[in-house]
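A short write-up of the structure that comes next.
Bear in mind these aren't lab numbers, they're just calculated from the coordinates by the rules spelled out. This is a predicted model, so every value here is computed, not measured. Counting neighbours? That spans all protein chains shown, and the Cβs are built from the backbone with ideal geometry, glycine included.
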Amino acid sequence: MSSKRKITVAYGDGIGPEIMKATLNILEAAGAQIETDVIEIGEQVYLKGISSGMEPSAFESLKETKIFLKAPITTPQGGGFKSLNVTTRTSFGLFANVRPCKAYSPYIKTHYPKTDLVIIRENEEDLYSGIEHRQTQEVVQSLKLISRPGSEKIIRYAFEYAKKYGRKKVTCMTKDNIMKLADGLFHKTFNEVAKEYPDIETDHKIIDIGSALIAERPEMFDVIVTLNLYGDIISDIAAQVTGSVGLGGSANVGEEVAMFEAIHGSAPDIAGKDMANPSGLLNGAIMMLVHIGQPDVAEKIANAWMRTLEDGIHTGDIYQEGLSSKKAGTQEFAQAIIDRLGQKPQNMAEVAFDKSATEPMNIKVTKKDKAKKELIGVDVFVEWDEEGRDPNALGDKLRKADADGLKLQLITNRGVKVYPGGMKETFCTDHWRCRFLTSNQDAVTHTQILDLLKQVEGLGFDFIKTENLYTFDGERAYSLSQGE
Ligand code: NAD
């Protein structure tokens, strides 16, 4: 048996302390070789005025142990508090959120007894950067940033995960029929990385139909890899269809640090009543044990847990009249699992972790040659609410701006072309994107753009932002508008 591994533990808020106690008791009884460093996080820390919900000493502990078993916390109501999960993910580079969603039918009610899928969600990019601006009286913007290395890391992680855990298929989900550049980059990277894993079946689904299929035919999925926001949404759909929202564990994995927890929150409504189901956190802890190289212990606990479910010993949230034999409290349920350590489920498939699953995954990012980047124009965004918002009036004014041939080509409103030749039916807000290019789309300089902006300002416009228009290796690197 390996020597004791130090891990950081937080008991959290609400039901956190009860389910953590139950979980750690099970881990200890199963022979997990761990030593805990307990830190305080959550509500009390927030209320002390620490906006991250985590004391500096907690960060130090995590830096040292690199493994975090975390009970749910309560985020105080009102503004100013940062999400502790987001802080931990971004500070420690936890780029992968791994959420297995499995049915335990008939012991846990579900319409889809064959479901056994894992969602691997990108954790650091996308709309979660929280870069938002109000730009005009009517319009706000939220920036979606997708990087190639960020996409490659999570996609490679998904394939490595599939390989190590004996999964057969990886499905990528994006909305690249609409976001051709951002989601297109993710899909393209998926296709490139997939070539290195010829033994794994691959598939791509547009996120909307993909989500519908998770809700209707979840058994068709194995591993799903997707961007941050879509992953957030489909994780809950998948957990819901398996009937196991209260049972799901989740891992947030980075190159060095990893955090393991339950999917659910701190359930203040049942806190302190010995009613909470500790299974979500326990499943998180099982993932942790595999991660830290103790798959035998993880297996032993997972099998004893399933045997407990089969024996009908259930906490109130999963109790079913006629099927359950006993309604157990949190600690009683934990004891029932401890009593079954060494036993296997008799009806559900037993868990057997591949021992190689504990080897660290080697997630490399391919170094790409730098493409030749050329500046060929600029989109100038203006706030304008005059002359009945007639795009022709705006266009006629802006045509006067000309910096060395950098001329107005078109205007769009919320992405729809309204000038020249727009339709009067198109609804227009006070937020206009005005595209300036040279007639031959020649290279332009930043000085030309600054000169253009001076002229736009001189014409009396409030320009709210600009986006440079580039080509990379001669390829257009911006989207065309609808109607362009
Ligand atoms: P919740 O998941 O805490 O509770 C939703 C419902 O599920 C409640 O009725 C609750 O009693 C029940 N439930 C949850 N876990 C259970 C368990 N283990 N056993 C039995 N029943 C369980 O969601 P909420 O009520 O929306 O949020 C409560 C607090 O938790 C909020 O402050 C929220 O910010 C926080 N939260 C924290 C995390 C986290 O720390 N990772 C995640 C989600 C929500």
- Item | Sequence-separation-based contact order of the chain, relative, with Cα cut under 8 Å and 6+ spacing, percent | 16
- Angstrom value of the Kirkwood radius, inverse mean 1/r, which spans all Cα pairs in region 373-476: 13.8
- Within straight-line cross-link reach of residue 454, lysines at Cα separation under 20 Å, skipping those fewer than 8 residues along the same chain: 397, 400, 407, 465
- Provide 90, 308 in ascending order of the number of other Cβ atoms located within 10 Å of each residue's Cβ, fewest first. 90, 308
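Among 134, 433, 5, rank each residue by its count of other Cβ atoms within 10 Å, from fewest to most, as a rough exposure measure.
Details: 134 10, 433 21, 5 17.
Sorted ascending by nearby Cβ count, the order is 134, 5, 433.
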- By the Cα gyration tensor axes a ≥ b ≥ c (a/c under 1.5 gives rounded; else a/b larger than b/c gives prolate, otherwise oblate), the shape of the chain is prolate
- Taking a straight Cα-to-Cα line shorter than 18 Å from residue 373, and setting aside same-chain aspartates and glutamates fewer than 8 residues away, one finds 442, 467, 473, 475
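Could you sort out which of 102/153; 63/168; 4/367 sit more than 31 Å apart by Cα distance in this structure?
63/168; 4/367
Using helices alone, I'd like the mean residue ellipticity at 222 nm for the chain: each DSSP H run of four-plus residues gives -39500 (n - 2.57), total over residue count, nearest 500. Provide the component values of the computation, followed by the final result.
Numbers: 13 runs with 152 residues, N = 484.
For the chain, the value works out to -9500 deg cm²/dmol.
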- Task: Could you sort out which of 144/169; 66/144; 21/326 sit more than 23 Å apart by Cα distance in this structure?
- Result: 144/169; 66/144
